[in-house]
Structure formats: structure tokens, C-alpha cells
Amino acid sequence: MKRKIILLFLFYSSIFLAQKTQIVDAETSQPIPNARIISEGNIYYTNDEGYSLLKNSKNLEISASGYETLKGNDFKPILKLKPIYKEIDEVKIVSIDFQKILKDVANNYSDIYYNKPIIYNVTIKQKSHENNDLKLLMIADGKFWSRDGKYNAKDAFNDKFDRFVQIQIDDLRFLKSKPSKNKVREKKPEISHDNIGDMFLSYELWRTYGLSKIKNAKKSGRLVYENGDEQEISYSIKSDSSLIYTGKFIYNKKDRAITHFELDFIQNKFEPRKLKDENGNIFFRQLGDGIIMFDYYKKDGKYFPSKISFKTQGFKTITDTETFEYSSEREIIFKNFQETDKKGLENPVKINQVYWNNLKISDDKGEIILTKEEQEFINEK
């Protein structure tokens, strides 16, 4: 009898520790992807279908861009967020100097954001599609070490990325890939500093500010919404007829901090570029579009990252007979952290390479909820 009680306790404890919830729009009942849930110092995010798993429901704080923040201790299978504004016509849109804000935050970055060595427990996801067919899914739990929370251009220039950022994989939860149907064998691209820079808000602030200062660039900033100390600001930068940057960010006037930042780059108007593959065959490369996103939250007077993501779509390889269109996605969720005096991690991977090929897939799938597409891909033989 005692053994049965223990088993029942463990069963119900596991349910409590892994509660599934969906975050939806209170008016449309549509799922809200990328909604952030903070509970007892842990960070969770909803997937593309609005679902997330929670360890507990104490001191919940649920937020998403464009919605009112919901706070409380009441767990429900479906939680609803109210839109901040219903119709764009109801919003008074006024001009604002977004360049000044970007520069101010970038110049005072270390005073606003945590700037000492730190180790985050993270979940990392990589996905890629070819002609709308899922070709790669990698989800892992691990650690993310940062020296001071900033991108270091000097170390990056000398290819010493591991001096200021490292990633360690502890549990490879899911990994599956399918071979590409594209037979073009491209030359290996040079190492891109953007691949590492896109992990840091400081990098994107300076890059966006620099883009706005390009000669003859047309730029505009709009105050879309204001609630207390928070402002939602949209911006647009047009360097020429072929390259457009747009985005938005949430700015806390009191703390002079950017807590949410998005940069959309639109490159699909560029003419396809003529190239040769490793065998000397001619093909064309069409650039696509993408979006970079950062989320931050405040704890003990400093701001910490909760999620960074980078998505691309519409990139094409064009041959005489076929066109292959690609999209990709990388996201890192910073679940919790520990301050540290360590100068790195014990078993870091080479983050500027495909680092998961030689890792063993864990039987423990952790607190991961797959979307319908992802589950079908994993089950596919």
C-alpha cells in the first residue's frame, strides 16, 4: 500500500511539474506564439501553436508584444491575453527620434544590462525548410556563458569568439535531418560574424544605428503606443530602393532600457546574383528576408535576456531547371541563470559550426512540446 501511495504521489507530482497550457488572444481565441511566461525565476515561451509546459503556476507573469501583461497564480489549460489596442485607427501615431534612443541605450549598455560573467540554462532550437518541406530539426538543452553580456568586436575580428561567449550542450532532445534535393555544390561560405553577433542586443543596436546613419538613407520613427513608462516605437530605414529595414522596440523611459527589439530586413528586391558551384556550374542566388528578435526582463535592478531568435525566408537557389526556396530559424530561450566567476564552460561546442552532428540524442525529451509539423517530421520514417 505504501508503494502505491508513493507511485501516486510521483505521478501527480510529475503532472504538477509539467503543466501544459496554451496562451490565446482574448478576443479572437487565436494562439499567441512567443508569449513569455515568468514563474519563480524560470522563463518559458509558447511555441508556434501557443503551447508551453510549466513546472509550476506560482507568481505567473505572462506577456507578449501587443498584449496586456497577465499576472497571478491561477493555472488554467488556456490563458487569455487582452490586446493593448484593437484598431490602428484608435492609436495616435507621432514621430519620434529612434536613432537617439538606440545610441543612448548602446552607449550606456553596461549600466542597463547585466555585465558580469554569467551562465544561463538554455533551450536551443534550429529548424530549416526547403520548398516548405522541413529538412532539419534540432532541439537541445544546455548552457550559455557570457563574459559581460556584450558582443566584443576585437575578439570576434581575431576569431576568438570563445573569449566572450560559449555554448555547451547537455541534452540533445531531438535531432533529425533529411537530405536536400538541391544538387548544387556550393563553395563553403566564409565565417560570418553576424552568426555570433545576432546573439547580442548590443551588436544589433549599433548595427541598426549605423544603418540609419548611411548617407541618403531615408528613416522614420513612430511612437505607436505609450503606457506609463513603456513606449512601443516602430522604425523604418531605407538605404536604397533594394534594401529596407523595419522593426519595432519596447522602450522603458524610466530605466532608459530597450526590453523588446525587432529588426526586419527586406532584401528580396535585389537582383539574383550569378555564381558558380564547386564544379564550375552556373546558378543564381536570390536573397530573402528575415527578422531578428530580442526579449529582456528586469531582475534585481538589471536586465537579462529571456529569448533571442533569428528567422529567414525566401532565400532561393535557382538553376536552369529548378528553384529551391529556403527558410531557417534559430532561437535560444534563457530559462534561468547563475552568476559565476568562471571564464567559460567545461565542454563548449564550436558555435560557428554545425556542432550537433556528433552528439548523442537523449532519451529524455525534457519539457519540450513539439508542434504538429515537428512531431510528424520526427515520426516520419
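Bear in mind these aren't lab numbers, they're just calculated from the coordinates by the rules spelled out. Since the model is a prediction, treat every value here as computed from it, not as a measurement. Please note: Cβ atoms are built from the backbone with ideal geometry, for glycine as well, and neighbour counts cover all protein chains shown.
In terms of distances greater than 31 angstrom between alpha carbons, the cross-link table entries K125/K181; K116/K178; K135/K365; K335/K360; K125/K218; K274/K360 yield K116/K178; K125/K218; K274/K360.
Peptides 94-107, 360-373, ordered by how many other C-beta atoms sit within 10 Å of their residues on average, highest first, read 94-107, 360-373. For the chain, just say rounded, prolate or oblate: build the C-alpha gyration tensor, square-root its eigenvalues into a ≥ b ≥ c, call rounded for a/c under 1.5, and beyond that prolate if a/b exceeds b/c, oblate if not. Rounded, because the longest to shortest axis ratio a/c is under 1.5. Each peptide in 214-223, 118-127, 21-30 receives the mean, over its residues, of other Cβ atoms within 10 Å, and ordering these scores from highest gives 118-127, 21-30, 214-223. In order along the stretch 365-381, the Karplus-derived 3J(HN,Hα) couplings, from 6.51 cos²θ - 1.76 cosθ + 1.60 at θ = phi - 60°, round to 8, x, 9, 9, 10, 7, 6, 4, 4, 5, 5, 5, 5, 5, 6, 5, 8 Hz, and Gly and Pro are given as x. Let me make sure I get this right: for the stretch 120-223, a, b and c are the square roots of the gyration tensor eigenvalues over alpha carbons, sorted descending. Under 1.5 in a/c it's rounded, otherwise prolate if a/b > b/c, else oblate. Which is it? Oblate, because a/c is 1.5 or more while a/b does not exceed b/c.
The helix-based estimate of mean residue ellipticity at 222 nm for the chain, built from -39,500 (n - 2.57) per DSSP H run of four or more residues and divided by its residue count, is -4500 deg cm²/dmol to the nearest 500. Shape class of the stretch 96-154 from the alpha-carbon gyration tensor: oblate, with a/c at 1.5 or above and b/c at least as large as a/b.
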